[in-house]
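The structure appears right after this line, and notes come after that.
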Amino acid sequence: MLLKRSTTLAYCAVLLAAMASAHEQTPSRPEPRPTAIVDLEKGFNQPPESAEPWVYWFVIDGHQSREGIAADLEAMRHVGIGGLLMMEVDVGRSARGWRVGRGSVPFMNPEWRDCFKHLNAEVARLGLSITLNSGPGWTGSGETWIAPARSMQKLVASEQVITGPRRFDDRLAQPKVVADHYRDIALLAFPMPPKPHRIKDIAEKALDRRGYFSSARPGTVKP
């Protein structure tokens with residue numbers, strides 16, 4: 001019995017040694033990379049069309065042409081731009097001191113519509129995408145049938161300094177009325193600070209009034 005058991009143990013040892021040797025000789029395979037990482041690396045090296053950047057494309061004061069449209073869009077495609085947001089804006093009135101001036105293609109006239117049709121054809125030819133704002137101007141839609149009370153609005157204010165203590169019973173100064181529309185919203189009353197301080201050019205910094213910027217006459221640009 002002892003001899004048989006020893007022989008069995010010897011066979012087991014030899015078998016284990018052979019298995020270990022075979023395991024050592026088998027080359028290890030690299031772990032497969034997760035699909036998400038592979039897709040991310042591929043998308044980074046070769047970005048899909050959905051990842052291409054878009055740009056704003058401003059048509060300022062009627063300055064556009066079929067030739068200019070083609071040149072702009074071809075340049076966009078050349079540098080990898082994927083789409084454009086067209087915005088028709090009106091900012092260059094010379095009466096306000098700006099240099100842009102009036103172009104020859106007013107909004108929605110026959111030539112403007114022809115340019116817009118050409119724009120969309122060029123977008124399709126070059127494989128670009130396009131969208132546009134809902135109306136001519138910085139503030140979106142607007143026309144004569146939109147009443148002032150339902151149009152774009154801004155907050156206006158007036159102020160009155162009173163020395164007290166006393167009862168105040170008087171009419172406050174009327175704030176600015178825009179387009180014959182005005183509605184009271186709130187009345188604020190507070191003690192004056194010991195050292196009153198006003199923010200310089202607060203109306204322009206709050207965009208309540210638009211000043212002259214890069215297209216202004218030299219010396220009129222404010223920091």
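Every number here is computed from the coordinates shown, using simple stated rules; none is lab data. Just so it is clear, the structure is predicted and the values come from calculations on it, not from any experiment. Note: ideal-geometry Cβ built from the backbone for every residue, glycine included; neighbour counts use all protein chains shown.
Listing for the model above:
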item	result
Reachable aspartates and glutamates from Lys176, criterion Cα separation under 18 angstrom, eight or more residues apart if same chain	Glu159, Asp184, Asp201, Glu204, Asp208
Residues with amide H under 5 Å from that of Val55, placed H, sequence gap 5 or more	Gly83, Leu84, Leu85
Positive-pole candidate from Cys115, Leu128, Met76, dipole of the stretch 45-132, charges at beta carbon	Cys115
Total charge dipole magnitude, the stretch 102-202, about the Cα centre, Cβ charges on Lys, Arg, Asp, Glu only, Debye to nearest 20	340
Exposure proxy ranking, count of Cβ atoms within 10 Å, fewest first, for Glu122, Glu111	Glu111, Glu122
Sequence-distant residues sharing a close amide H with Tyr182 (under 5 Å, placed H)	none
